[in-house]
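Beneath this line is the structure, given in structure tokens, with notes to follow.
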Amino acid sequence: MLELQELRGQRIFVTMAYSSCHRVCPMTMERLTELQQALDARGLSAEFLVVSYDPGNDDPRAWRRYRTDHQLLRDNWHFLSGTPADTERLARVLGFDFWRDGEHVMHDFRIVALDVDGAQHAVIDSAHDNWQDLL
Amino acid sequence: MRRQWRIAAAWTLCAIGTQCMAATAVAAESQDDRVTALEEKLNRSLKLIEQLAARVRELEAQRAPTPAVAESSQQSQQRLESVEQQLTQLVDASAARGGGGTGVPLHGFADVGIGNHTADEPGLKGANVGALDIFLNPQLGEHTRSLFELTFEVDEEGQVAPDLERAQLGYQFSDAATVWIGRFHTPFGYYNTAFHHGQEIATSLRRPRFLLFEDQGGVMPNHTVGAWLTGAERLADGKVTYDLFLGNGQAISGGSIDPRSGGVSHGSTIYGGNFGYVFGETLNGLKLGVSAFRSRISDDEQMGRITQVDNAGVYFAYDTDRFEYLGEYYRFNDRNLADGSPAHRSNAGFLQLGWRLPLATPYVRYERAALDQSDNYFALQTSGVSYYRAALGLRFDLDVKSALKFEIARTKNTDRLIDQWTDAMLDYAIRF
């Protein structure tokens, strides 16, 4: 379990994804990886939070497998699943639009950067996906 | 001890009334001693206080930032309040634009196409409007579920035809059980529920022909009006999914299947189920399943002509970041209940292979239907024709919400009206 207060004072990047997504989420992970590389090059640290759109399926085992399959194993990357209600509320607060149609979760590409005070610092999405704006 | 003894002795003597003066003198001597002792004690205490004060000054000197820490804590509190305020504003703003609990988010799909034939009507060509699909699922409560899907399609005469594709209300007991009542996608196989609407979701440009919507040439009862129990149960390494449904028996009306959304007069039913297994650690992304249904389907042109349709199928879907493989096979074993003739056997199936490459997703699909023309169920359907089709396609994801697809396909009808043709089509599909 991760308490968000534990991350107070850190630069945080938040996105939402689900482990069985094969179209949008791989692109999101690619952007986050680029972002991580840029931070490393500048000697900056940050926490990456990936919150599941599909908590019913994304249990810790599913996320662990996803991390291994996609080589996303760094300690500062946190793959999280909440309750359905918490998931919807977080999505609403951070502007992630998603809906379900059968087995599919329809969702956007979106990464939100929070500053060390927890305030929204910058956003990239499908209409504006220059990840350097998050720095 | 000595002083204590003296005082005690003096008070003892006074108490008995003899030699009181002597006793007073002894007491005076004792008070002097006591003051001296107190003075000594006070001096020691003062020294101790001075030492403690010096130690405190020393510690304070070592912790010089202390005032700044206090200030930082105060600032943190202010910042937390600021963040909280911002979050509240974000929630309010989100609710105001329809994303909150105060309204129903509007989502859906749409597509347009162009080609030497349209996707569903080989007799038409040129540009065409595919469908506008409005998807509503208002959030009603913790367990109550709802889903409405209103589709606007353009028919072969160019008329816009609205259709309430789905209208279902459900109660979710848990992930393992949700009961829906209303009109839903009949849960046979995989494709009909996974890719029913929204060409933007599906890799291919169009559905397999035998799985087209009932009024567009499909030969399967894609929609059922009734009750549907669905759920999934997680196992140690994977997940079991199940569906059980019961609904109005369909009819064949005007050459196509009618789901009888308004109810039935003759009491016939469709019932069936679907059981699947989703693999976990090993073969992650693979789903295997079986499904079956039985329906009594009446003919609106001849009273009492009812066909009992028995359908059994197997399917698989193997979906990963690198490829998407799909396959389904169905076998029909139908009986004309009016004349008691032997069962009519037919079958249909498809295999689709797609590869997710960095720039595009190429795919191939082969589909085939061998439908017994002496079976009333197929003979009465305008499109109940045996055929095979081979297709080669390419999907480009323009962004996360739109895709451009090209497909070249060769189709041959193999009975009733033998014909063959080649399609070259483009489809532009979005979701919103």
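Subtract the Cα-Cα distance of B:VAL314 and B:THR422 from 0.36 nm times their separation in residues, and report this length gain in nm to one decimal.
On the way: separation 108, 0.36 × 108 = 38.88 nm, distance 2.91 nm.
Length gained between B:VAL314 and B:THR422: 36.0 nm.
Toward the positive end of the charge dipole of the stretch B:139-279, with +1 on the Cβ of Lys and Arg and -1 on the Cβ of Asp and Glu, the farthest Cα among B:THR241, B:ILE252, B:VAL264 is that of B:THR241.
Can you give the FRET efficiency to the nearest 0.05 for B:ASN116 and B:PHE432, using r as the Cβ-Cβ distance and R₀ = 30 Å? Calculated transfer efficiency: 0.55. Seen against the Cα atoms of chain A and their longest principal axis, helix A:60-69 is set at about 60 degrees.
Residue ranges B:291-304, B:255-268, B:409-422 sort as B:291-304, B:255-268, B:409-422 when ordered by packing (mean number of other C-beta atoms within 10 Å per residue, highest first).
For the stretch A:1-108, the square roots a ≥ b ≥ c of the C-alpha gyration tensor eigenvalues yield an a/c of 1.5 or more together with a/b exceeding b/c, which makes the shape prolate.
Placing dummy labels 7 Å off each Cα toward the beta-carbon, the span from B:GLU233 to A:ASN130 is 5.4 nm.
Accessible area buried by the pairing of B and A, both sides summed with a 1.4 Å probe, works out to roughly 3300 Å².
Which of the trypsin sites (Lys or Arg not before Pro) across the stretch A:1-101 are loop residues per DSSP, with 12 or fewer other Cβ within 10 Å? Those that pass, being in a loop and sparsely packed, are A:ARG74.
Averaged over peptide A:19-25, how many Cβ atoms belonging to another chain are found within 10 Å of each residue's Cβ?
Values: counts 2, 5, 2, 9, 10, 4, 2.
Other-chain Cβ atoms within 10 Å of each residue's Cβ, averaged: 5.
Taking the helices alone, chain A has a mean residue ellipticity at 222 nm of -9500 deg cm²/dmol, built from -39,500 (n - 2.57) per DSSP H run of at least 4 residues and averaged over all its residues.
Both radii were evaluated on the Cα set of the stretch B:355-432; the Rg over Rh quotient, with Rh as the Kirkwood radius, amounts to 1.13. To the nearest 0.05, what FRET efficiency results for A:ARG64 and A:ARG100 with a Förster distance of 30 Å applied to their C-beta separation? Rounded to the nearest 0.05, the efficiency is 0.80.
Computed on the stretch B:300-432, with alpha-carbon pairs under 8 angstrom and 6+ residues apart, the relative contact order is 15 percent.
The modelled label-to-label distance for the pair A:GLU30/A:ARG42, using points 7 Å beyond Cα in the direction of Cβ, is 2.3 nm.
Based on alpha-carbon centroids, what's the gap between the stretch B:315-375 and the stretch B:117-135 in Å, whole number please? Using only Cα atoms to place each centre, the spacing works out to 22 Å. Counted over chain A, the DSSP beta bridges are approximately 60% antiparallel. If the segment from B:ARG322 to B:TYR277 were pulled out straight at 0.36 nm per residue, it would be longer than the present Cα-Cα gap by 14.1 nm. Considering only Cα atoms, the convex hull volume of the stretch B:156-200 works out to 124 Å³ per residue.
Tell me, what are the semi-axes, in whole angstrom and largest first, of the equivalent ellipsoid of the stretch B:175-232 as set by the roots of 5 times the Cα gyration tensor eigenvalues? Spell out each step's value before the answer.
On the way: eigenvalues 98, 41, 15 Å².
Equivalent ellipsoid semi-axes, largest first: 22, 14, 9 Å.
Tell me, what % of the accessible area of the stretch B:201-255 is carbon and sulfur with a 1.4 angstrom probe? Carbon and sulfur atoms account for 63 percent of the accessible area of the stretch B:201-255.
Counts of other chain beta carbons within 10 angstrom of each beta carbon in peptide B:188-196 average 2.
Taking Cα pairs under 8 Å and at least six residues apart, what relative contact order does the stretch B:106-431 come out at, in percent?
Here the relative contact order equals 14 percent.
Just the protein heavy atoms count here, and of the accessible area of the stretch B:300-369 at 1.4 Å, carbon and sulfur take up 59 percent.
Extension gain B:ALA370-B:GLU156, at 0.36 nm per residue separation less the Cα-Cα distance, in nm?
On the way: separation 214, 0.36 × 214 = 77.04 nm, distance 2.58 nm.
Full extension from B:ALA370 to B:GLU156 adds 74.5 nm.
Between B:ALA390 and B:ALA343, the simple label model (points 7 Å from Cα in the Cβ direction) yields a spacing of 3.3 nm.
Seen through its C-alpha gyration tensor, with square-root eigenvalues sorted a ≥ b ≥ c, the stretch A:34-85 comes out prolate because a/c lies at 1.5 or above while a/b is bigger than b/c. Dividing the alpha-carbon Rg of the stretch B:167-304 by 2.2 N^0.38 Å yields what? In units of the globular-protein estimate, the stretch B:167-304 measures up at 1.13.
Sparsely packed loop sites in the stretch A:1-93 (the GluC sites (Glu not before Pro) outside DSSP H, G, I, E and B with at most 14 other Cβ atoms within 10 Å) comprise A:GLU3.
Return one quarter of the surface area of the convex hull spanned by the alpha-carbon atoms of the stretch B:264-382, equal to its mean projected area, in nm².
Numbers: hull surface 39.1 nm².
Over all viewing directions, the stretch B:264-382 projects a mean Cα-hull area of 9.8 nm².
Beyond 14 Å, what share of the Cα-Cα pairs of the stretch B:111-179 remains, rounded to the nearest whole percent? The answer is 67 percent, as a whole percent.
Compactness of the stretch B:106-431 was expressed as the Cα radius of gyration divided by 2.2 N^0.38 Å, which yields 0.98.
The values are calculated or read from the model by the stated rules, or taken from the named source; none is laboratory data. Given the structure is predicted, the values throughout are model-derived calculations rather than measurements. Using ideal geometry, Cβ is built from the backbone for each residue, glycine included, and neighbour counts are taken over all protein chains shown. The accessibility values were calculated without ligands, DNA or RNA, using every heavy atom of the protein model including side chains. Shrake-Rupley method; radii C 1.70, N 1.55, O 1.52, S 1.80 Å.
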